[in-house]
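Visitor: Encoded as structure tokens, here's the structure I'll be asking about.
The values are calculated or read from the model by the stated rules, or taken from the named source; none is laboratory data. Note that the coordinates shown come from a computational prediction; the quantities given were computed from them, not determined experimentally. Don't worry about glycine lacking a Cβ; one is built from the backbone with ideal geometry, like all the others, and counts go over all protein chains shown. Keep in mind that these areas ignore ligands, DNA and RNA; they rest on the heavy atoms of the full protein, side chains included. Shrake-Rupley method; radii C 1.70, N 1.55, O 1.52, S 1.80 Å.
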Protein chains: 4
Amino acid sequence: MTSNKAAKVAELFTKTMATTRCFDQNLRKVKVVCCTNGKLLTEFQVGPEHLNQRGTLHGGFIAHLVDAISTYALTANETVETRGVSIDLSISYLNAAREGEHVEVEAITKKLGKKIAFLEVEVRNKTKNQLLAIGRHTKYIGV
Amino acid sequence: MTSNKAAKVAELFTKTMATTRCFDQNLRKVKVVCCTNGKLLTEFQVGPEHLNQRGTLHGGFIAHLVDAISTYALTANETVETRGVSIDLSISYLNAAREGEHVEVEAITKKLGKKIAFLEVEVRNKTKNQLLAIGRHTKYIGV
Amino acid sequence: MTSNKAAKVAELFTKTMATTRCFDQNLRKVKVVCCTNGKLLTEFQVGPEHLNQRGTLHGGFIAHLVDAISTYALTANETVETRGVSIDLSISYLNAAREGEHVEVEAITKKLGKKIAFLEVEVRNKTKNQLLAIGRHTKYIGV
Amino acid sequence: MTSNKAAKVAELFTKTMATTRCFDQNLRKVKVVCCTNGKLLTEFQVGPEHLNQRGTLHGGFIAHLVDAISTYALTANETVETRGVSIDLSISYLNAAREGEHVEVEAITKKLGKKIAFLEVEVRNKTKNQLLAIGRHTKYIGV
């Protein structure tokens, strides 16, 4: 069930990515598919601005996605009032994606403690039905 | 001593960041300070386009820096003819930086094997003389 | 379906842990629950020899489990003839377990490439139905 | 300069490793070389009980070392009164070591915050003058 909190997070994500002038403007093509309690699923089509010099989806952009989508998934928990502060981020790169392919990014809250939240992310090539990257993001939420 | 190879890498970095339309265009303010065998030191001033919504240097941008600067450090090894393919990337976030502050990013090759290269990166706030982030990047270079 | 290969890996695991004099002797209480193509599920009861000085399951022992169980899961792939060589290992610690509690460790192959294998591990407290740790293990299998 | 605190940590390490019945008994051959404010350098000779089934230093034992030596380095900070709780641990494996070779493990405190401590570890083959592994350990110390 989509909670009120999750619905607000989806709305905020959409509005922010459309208007921000900060680094998250790189995510302007990323659209919310589904936002529920502690989870966020998004999607986009790989454009030229997402590529590395080899012509595949940039590892740095994948890292940006892992960081940002997990942060919104965190705020989609009913009881969370903070975006938290990053402690650790790690990513394994399994496959490459090419321009024009459709990619989905799913972030889930693995544990929501009092001080620390643990989030997990999968980046998948929908076009090829293939896993692109798996990551974890640990945030301090005790503020 | 700056080798011929390292000098070419410094030149390529400068030219690429100034002209690319791919994701690395986010690095257009990042300048080479020093490039030697297997090492690259760069520097930039934090602008509004590097920030998160808290108003500090974006963790996703730091991840992009760790990925990209270490890749150029890899190519700055005399014997390396590839940019490699990312296997694993990990970052610990120690402190925050604000707009206007000067940041330097230093990447070094820890091991250059036949198939795998291990790179280490420090991101430092020069203005505050403070460590911002430490990371590692593992690349497959056996292609 | 349990393949012949997976059945042999389960047998080898059991025999090795019972008789080895090397570091894996620490795993002598760890029993195979289920071994299938590229996956291994094991279980043990926390004993005094698995504890840290706080009296909870040792983080170093959890790391040993992540490393070893994922290695056997790798060998449980039909086509894999090597134990591989570790490239990167990472673990997030979510909760603690106490002496006498039952713990299960599940490792799965996320990607089996020609040169690199990516494995994922969950360590769970069965007694408390709680996630203890999540980890990833990247191995070079191109030898 | 070796502080009183660091001297006590060195003494405690030596006594604990000699007498403990918990998982740290695997470290009984590991000796303190030097302990100063927030840093710990240790050394041991690779024995049969430290090996994997390939006959080289076990990746799980290296992970145990990274976890434990960094924890004692943390307690060697003048102001720290806790061993902390592990949040994230990550290791890159660069080279192998063999039985009889001398290995040193050095852990340093990269940042000591109010809530979170960041530690870095190098595992080196002294016999071959070669880097074996590099790791990071993030601990919660706000308790």
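Visitor: Among the residues of segment A:1-31, which ones are β-branched (Val, Ile, Thr), under 21 Å from residue B:59 (Cα atoms) and in contact with a strand residue (DSSP E or B) (Cβ under 7 Å, 6 or more places away or on another chain)?
Guide: Passing the criteria: A:9, A:14, A:30.
Visitor: Then there's this: Of all residues being touching a Lys or Arg at 6+ places or on another chain (Cβ under 6 Å) and open to solvent by less than 50 Å² (accessible area, probe 1.4 Å) in segment B:94-106, which is nearest to residue A:138 (Cα to Cα)? Just the residue, please.
Guide: The qualifying residue nearest to residue A:138 (Cα to Cα) is B:94.
Visitor: To continue, here is another question. For segment B:1-30, give me each residue that is more than 20 Å from residue A:27 (Cβ to Cβ), open to solvent by less than 50 Å² (accessible area, probe 1.4 Å) and under 15 Å from the mean Cα position of the chain (by Cα).
Guide: Result: B:6, B:9, B:10, B:13, B:16, B:17, B:30.
Visitor: Shifting gears a bit: Which condition breaks for residue B:61 when tested against (1) outside any loop (DSSP other than H, G, I, E, B); (2) more than 14 Å from every other protein chain (Cβ to nearest Cβ)?
Guide: Of the numbered conditions (1) outside any loop (DSSP other than H, G, I, E, B); (2) more than 14 Å from every other protein chain (Cβ to nearest Cβ), the odd one out for residue B:61 is (2).
Visitor: At the interface with another protein chain (Cβ under 7 Å from one of its Cβ atoms) and touching a helix residue (DSSP H, G or I) at 6+ places or on another chain (Cβ under 6 Å): does that describe residue C:87?
Guide: It is false that residue C:87 is at the interface with another protein chain (Cβ under 7 Å from one of its Cβ atoms) and touching a helix residue (DSSP H, G or I) at 6+ places or on another chain (Cβ under 6 Å).
Visitor: All but one of (1) within 10 Å of another protein chain (Cβ to nearest Cβ); (2) without any contact (Cβ under 8 Å) to a residue 60 or more places away in the chain hold for residue D:71; state the number of the condition that does not hold.
Guide: Condition (2) is where residue D:71 drops out.
Visitor: So which residues in segment B:104-118 are in contact (Cβ under 8 Å) with a residue 40 or more places away in the chain and closer than 17 Å to residue D:130 by Cβ, if there are any at all? Step through it out loud before you land on a result.
Guide: Initially, segment B:104-118 is screened for residues in contact (Cβ under 8 Å) with a residue 40 or more places away in the chain, giving B:104-109, B:112, B:117.
Listed by number, the residues that qualify are B:108, B:109, B:112, B:117.
Visitor: Within segment B:126-142, restricting attention to residues that are away from chain C (no Cβ under 13 Å) and buried (at least 21 other Cβ atoms within 10 Å of the Cβ), which residue is nearest to residue D:121 (Cα to Cα)?
Guide: Applying the filter and picking the extreme gives B:134.
Visitor: Looking at (1) more than 8 Å from chain A (Cβ to nearest Cβ); (2) open to solvent by 30 Å² or more (accessible area, probe 1.4 Å); (3) more than 24 Å from residue B:35 (Cβ to Cβ); (4) touching a Lys or Arg at 6+ places or on another chain (Cβ under 9 Å), find the lone condition where residue B:54 falls short.
Guide: Only one criterion is unmet by residue B:54, namely (1).
Visitor: May I pose another question? Please go through segment D:31-51 and give me each residue that is in a loop (DSSP other than H, G, I, E, B) and open to solvent by less than 10 Å² (accessible area, probe 1.4 Å), ordered by number.
Guide: Hits for segment D:31-51 are D:38, D:46, D:47.
Visitor: If you don't mind, another one. Going by what's in this entry, would residue C:81 be described as farther than 22 Å from residue D:86 by Cβ, free of Cβ contacts under 8 Å to residues at least 40 places away in the same chain, open to solvent by 10 Å² or more (accessible area, probe 1.4 Å) and more than 12 Å from the chain's Cα centre (by Cα)?
Guide: It is true that residue C:81 is farther than 22 Å from residue D:86 by Cβ, free of Cβ contacts under 8 Å to residues at least 40 places away in the same chain, open to solvent by 10 Å² or more (accessible area, probe 1.4 Å) and more than 12 Å from the chain's Cα centre (by Cα).
Visitor: Give C:133, C:76 a once-over and let me know the one that is within 16 Å of the chain's Cα centre (by Cα) and under 19 Å from residue C:34 (Cβ atoms).
Guide: Just one listed residue meets the conditions, C:76.
Visitor: Quick one: count up the residues across segment D:107-118 that are under 12 Å from the mean Cα position of the chain (by Cα) and within 20 Å of residue A:142 (Cβ to Cβ).
Guide: Residues that pass the stated criteria total 0.
Visitor: If you don't mind, another one. Condition test on residue D:109, is it under 19 Å from residue D:36 (Cα atoms), hydroxyl-bearing (Ser, Thr, Tyr) and either in contact with a Pro (Cβ under 6 Å, 6 or more places away or on another chain) or open to solvent by 30 Å² or more (accessible area, probe 1.4 Å) (or both)?
Guide: Yes; evaluated as a whole, the condition is true for this residue.
Visitor: Within segment B:66-97, which residues are β-branched (Val, Ile, Thr) and over 18 Å from residue B:114 (Cβ atoms)?
Guide: B:66, B:69, B:71, B:91
Visitor: State the number of residues belonging to segment C:109-125 that are facing another protein chain (nearest Cβ under 9 Å) and in contact with a Gly (Cβ under 6 Å, 6 or more places away or on another chain).
Guide: Adding up the residues that qualify gives 1.
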